[in-house]
Amino acid sequence: MIVDADNPPTNVPSLGNQVPPHDLFETAVEQFGIAADLIGLEDGIRRVLSTCKREVTVHFPVEMDDGSVEVYTGHRVQHNSGPGPTKGGIRFHQNVSISEVKALAMWMTWKCAVVGIPFGGAKGGVEVDPKLLSQGELQNLTRRYTTELQPLIGPNIDIPAPDVNTNPQIMAWMMDTYSMNIGYSVPGVVTGKPLALGGSEGRGEATGRGCVFAIEEACLLHGKPLEGTRAAVQGFGNAGSVAARLLAERGVKIVAVSDSRGGIHNAVGLDLQAVREHKRETGSVVGLARADDITNDDLLIVDCDILVPAALENQINAQNAPNIHAWLIAEAANGPTNPDADVILFDRGVVVIPDILANAGGVTVSYFEWVQALQAFSWTEHDVNERLRQIMRRSFQDVSQTSSRYGVHMRTGALVRAIEHVAEFTSLRGIYP
Ligand code: NAD
C-alpha cells in the first residue's frame, strides 16, 4: 500500500458536492476568459492559450499479484511549452479524467508564469485507486505508465512531479524506468525525488511552506495579525499537514483538519502532534480524543479566521460560500473554488489567495530541484527556503498590485499577470511555421 494512505477505497463521503461539480476544464477556460477579456487579449493568442497543446491517453496492462491482468487508463496533457519545458504532477486517483488533467495542466502554465519560472504547464494522472494495489502492483503500474509516456517526457521536454497519491518513491520508480529505457541515469526527468536520488532539500514541505509565506503576505497587506488567529485545514496530506504545522509554529490555532474520511474540530486548538500520531495509527484524523468528529462540509464553515482547502477541487461552491467564516482562504489545493463561489466570496469581502499563487511553492522548489539536477550540485535547506520565501513574497506583491490596478480579485489578478507573460512569449516566438 502507498505510504500515508488515507483515501478509503469505498464509502468515501462527498465533500460539499450537493451542487453538481463544475467540469474542471470549463472552469479553467471560464477563468481564463475573464482575465483575457480584461486585458483585451488578441483573438489568435486567445485561441492558442485556451487550448492544450498535447493530450495523450494511454491504456496499458499491469500484471497483478494473483497473475491476472488489469488494463488501466492514464493521461498526460501538456498545455503550453512557450516558456520552457512543461512541468506538472502525476495524480493516481479513481476520479482522474481528461477534463481534470487538462484543467490542471492549464493552471500549471499560469502558476509557473505567476512565480516567474521558465516552465510551461502539464499534468498527468492514472484512473486508479492506489489503495487497492499492493506495493508491487503500484510499482508495476508506475513503471508501465512511465514507459507509455517515455517519448513525451524528459528533462528538456516535460518533467513530472508528485501530486495526489503519488510520492517520492513513485518519482524514484519513474526516474529509474525512464533512465533504464534510455540507458543512463537522468535525475532531471522528474522532481520530488527522494533526497538520496537527487531530490531537493525542502521539496517535501515546499507547497505547504509556500502557502504559509503567501498567508503571511496577505496578513501584512490587510493589516491583520497571524499569531493568535484560528485556521481550518481541509486535507491532511502533503500540502495540508505541512501548512497546518507551519501555521501552528507561527502561533495560529488549528481548530479543524480533515482527510477523505472526515474531519475533527476543537475550538481551542488541536494538538497537531497527536493528530499526526492518530493518523499514523488509524489511517485517518477522524476519532481523535479531545476533538469532535465533523464532516468535510462542516469543516469549510467552522468558525475560524483562515481556511486552507488542501484536498481536491470543487469544494467551495455557491451553496457553502455564503457560510464561510474565514476572512482569508488560501488555496493549497488546485481548483477548490467554483467560479460561482468566487463571485459570492468577493462580494462578501473574503480574500482568496488563488491556487496558482497559494500553492506555487511546490513547483518553485521543483524548479530548484531541476536546476540542481542539471548542475549536479545541491543547495542547503536554508538556501531553498529563503529563495522560496523571496519568490512567494515578490509574486504575492505583483499579483496584489495587478489586482488593485484592474480592480479585480486576486484570482483574476494572478491570471492577468500570467496570461500577459505567456502571451508575450507566444507572440515573440511567433507561430511555426
Ligand atoms: P496528498 O495525497 O498528500 O493529500 C491529499 C489529502 O486530501 C489527504 O489528506 C486526503 O485524505 C485528502 N482527501 C482526499 N480526498 C478527499 C476528500 N474527498 N475529502 C477530503 N479530503 C480528501 O496530496 P497533496 O499533494 O497534499 O495534494 C493536495 C492538493 O494540493 C491537490 O489539489 C494538489 O493538486 C495540490 N497541490 C499539491 C502539490 C504538491 O507538491 N504535493 C503542489 C501544488 C498543489
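Tabulated data for the structure shown
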read-out	value
Residues that are farther than 22 Å from PRO155 by Cα and either among the polar types (S, T, N, Q) or touching a helix residue (DSSP H, G or I) at 6+ places or on another chain (Cβ under 9 Å) (or both), drawn from the stretch 356-386	ILE356, LEU357, ALA358, ASN359, THR380, ASP383, ASN385
Lone qualifier among GLY67, GLY88, GLY74 - being closer than 20 Å to VAL48 by Cβ and either away from the ligand (no atom under 14 Å from the Cβ) or in contact (Cβ under 8 Å) with a residue 60 or more places away in the chain (or both)	GLY88
Number of the exception - ALA423 against (1) over 19 Å from GLU30 (Cα atoms); (2) in a helix (DSSP H, G or I); (3) touching an Asp or Glu at 6+ places or on another chain (Cβ under 9 Å)	(1)
Extreme residue, farthest from the chain's Cα centre (by Cα), among residues of the stretch 303-323 that are within 15 Å of the ligand (Cβ to nearest atom) and more than 20 Å from CYS219 (Cα to Cα)	ASN320
Flag if GLN401 is open to solvent by 80 Å² or more (accessible area, probe 1.4 Å) and assigned to a helix (DSSP H, G or I)	yes
Filtered residues of the stretch 298-335 (kept if charged (D, E, K, R), at pLDDT 95 or above and surrounded by 22 or more Cβ atoms within 10 Å (Cβ to Cβ))	GLU331
Residue in the stretch 334-342 that is touching a Ser or Thr at 6+ places or on another chain (Cβ under 7 Å), near the ligand (Cβ under 9 Å from one of its atoms) and not aliphatic (A, V, I, L, M) present	yes
Condition check for ARG411: in a helix (DSSP H, G or I) and open to solvent by less than 60 Å² (accessible area, probe 1.4 Å)	yes
Evaluation of SER185 against (1) in contact (Cβ under 8 Å) with a residue 24 or more places away in the chain; (2) more than 16 Å from the ligand (Cβ to nearest atom); (3) within 30 Å of ILE159 (Cβ to Cβ) (one fails), failing number	(1)
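The values are calculated or read from the model by the stated rules, or taken from the named source; none is laboratory data. Here the structure is a predicted model, which means the values were calculated and not measured. When we count neighbours, we look across all protein chains shown, and the Cβ atoms used for this are built from the backbone with ideal geometry, even at glycine. The area values use the complete protein model at the heavy-atom level, side chains included, leaving out ligands, DNA and RNA. Shrake-Rupley method; radii C 1.70, N 1.55, O 1.52, S 1.80 Å.
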